1. Is there a residue being over 22 Å from residue 193 (Cβ atoms), free of Cβ contacts under 8 Å to residues at least 40 places away in the same chain and within 16 Å of the chain's Cα centre (by Cα) anywhere in the range 146-165?
2. Go through (1) surrounded by 12 or more Cβ atoms within 10 Å (Cβ to Cβ); (2) not in a strand (DSSP E or B) for residue 201 and report which single condition fails.
3. Could you check, for the range 102-120, whether at least one of its residues is crowded, with 18+ Cβ neighbours inside 10 Å, touching a strand residue (DSSP E or B) at 6+ places or on another chain (Cβ under 9 Å) and either assigned to a loop (DSSP other than H, G, I, E, B) or at positive phi (or both)?
4. Is it the case that residue 79 is closer than 22 Å to residue 26 by Cα and surrounded by 14 or more Cβ atoms within 10 Å (Cβ to Cβ)?
5. Going through the range 106-143 one residue at a time, which ones are more than 26 Å from residue 162 (Cβ to Cβ), touching a helix residue (DSSP H, G or I) at 6+ places or on another chain (Cβ under 7 Å) and free of Cβ contacts under 8 Å to residues at least 40 places away in the same chain?
6. Out of the range 40-65, which residues are in contact (Cβ under 8 Å) with a residue 60 or more places away in the chain and farther than 22 Å from residue 173 by Cβ?
C-alpha cells in the first residue's frame, strides 16, 4: 500500500512539473526556447529540393532580434504596445542541396531567376494564409528579406490579425508556382500560450 502511494505521488509530481509554465527567461534563454523545436514554435521539413522552416515569433523575441545586446525595458514595453495587434511568423526557404542556391532551384533560364524574385516580392503574400479555430486569416504583413544570395536561404516575415477565439494555428503556403504544392505547419495553442516573457534584470 505504501509503495503504491509513493508511486502515485511521484507520478503526480511529474505531471505537475510538466504542466508548470516558465513565466520569464533571460534574453539568451528566450532565444534558445523559441528556436528549440521541442517547444513547438519552430518546425521544419524537407520537400523535394527545398527545406522549409516555419517559426512563431512572440513579440519579446522580435524585440530581442531587433536590439540583441542593447535591449532595454523601455524599448521592450514600446514594442509590446506597437506589435500587440498582430501575430507574427517567419517562413524560411532553403535548398536541400548545400551546393545549390535556393534562388536557382527549378530555373531553366536567367529569366526564371527574376520571375522568382518577382513572385517572392509581390505575389507570394496572396498564397499564404493562417487557419485558427474556424477562421481563415489573410496575411496582412509580408516582407521578403532579399539577401542577394549571401545566405543559403531566404526569409519571409509574416503577420496576421489576432483571433478573438485563439486556438491551434495552421500556417498554409500554397506554393505551386515554385513546385511545392500546399505546405502546412501546425502550431498548438498550448505551445503559444506557454511562451515565457523576457526578464532583463
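Only the coordinates and a few stated rules stand behind these numbers; no lab work does. Bear in mind that the values here come from a model prediction, so they are computed numbers and not experimental data. Cβ: placed from backbone, ideal geometry, glycine included. Neighbour counts: every protein chain shown.
1. Of the residues in the range 146-165, the ones over 22 Å from residue 193 (Cβ atoms) are 146-157.
Filter again for free of Cβ contacts under 8 Å to residues at least 40 places away in the same chain, leaving 146-148, 150-151.
Those still in the list that are within 16 Å of the chain's Cα centre (by Cα) too: none.
No, every residue in the range 146-165 fails to be over 22 Å from residue 193 (Cβ atoms), free of Cβ contacts under 8 Å to residues at least 40 places away in the same chain and within 16 Å of the chain's Cα centre (by Cα).
2. That leaves (1) as the condition not met.
3. Restricting attention to the range 102-120, the residues satisfying the condition of being crowded, with 18+ Cβ neighbours inside 10 Å are 102-103, 105, 116, 120.
Among the residues that remain, those that are also touching a strand residue (DSSP E or B) at 6+ places or on another chain (Cβ under 9 Å) are: 102-103, 105, 120.
After this cut, where a residue has to be either assigned to a loop (DSSP other than H, G, I, E, B) or at positive phi (or both) as well, the list is 105.
Checked the range 102-120: at least one residue is crowded, with 18+ Cβ neighbours inside 10 Å, touching a strand residue (DSSP E or B) at 6+ places or on another chain (Cβ under 9 Å) and either assigned to a loop (DSSP other than H, G, I, E, B) or at positive phi (or both).
4. Details: closer than 22 Å to residue 26 by Cα: yes; surrounded by 14 or more Cβ atoms within 10 Å (Cβ to Cβ): yes.
For residue 79, the condition - closer than 22 Å to residue 26 by Cα and surrounded by 14 or more Cβ atoms within 10 Å (Cβ to Cβ) - is met.
5. Those that are more than 26 Å from residue 162 (Cβ to Cβ), touching a helix residue (DSSP H, G or I) at 6+ places or on another chain (Cβ under 7 Å) and free of Cβ contacts under 8 Å to residues at least 40 places away in the same chain: 107, 113.
6. 60, 63, 64
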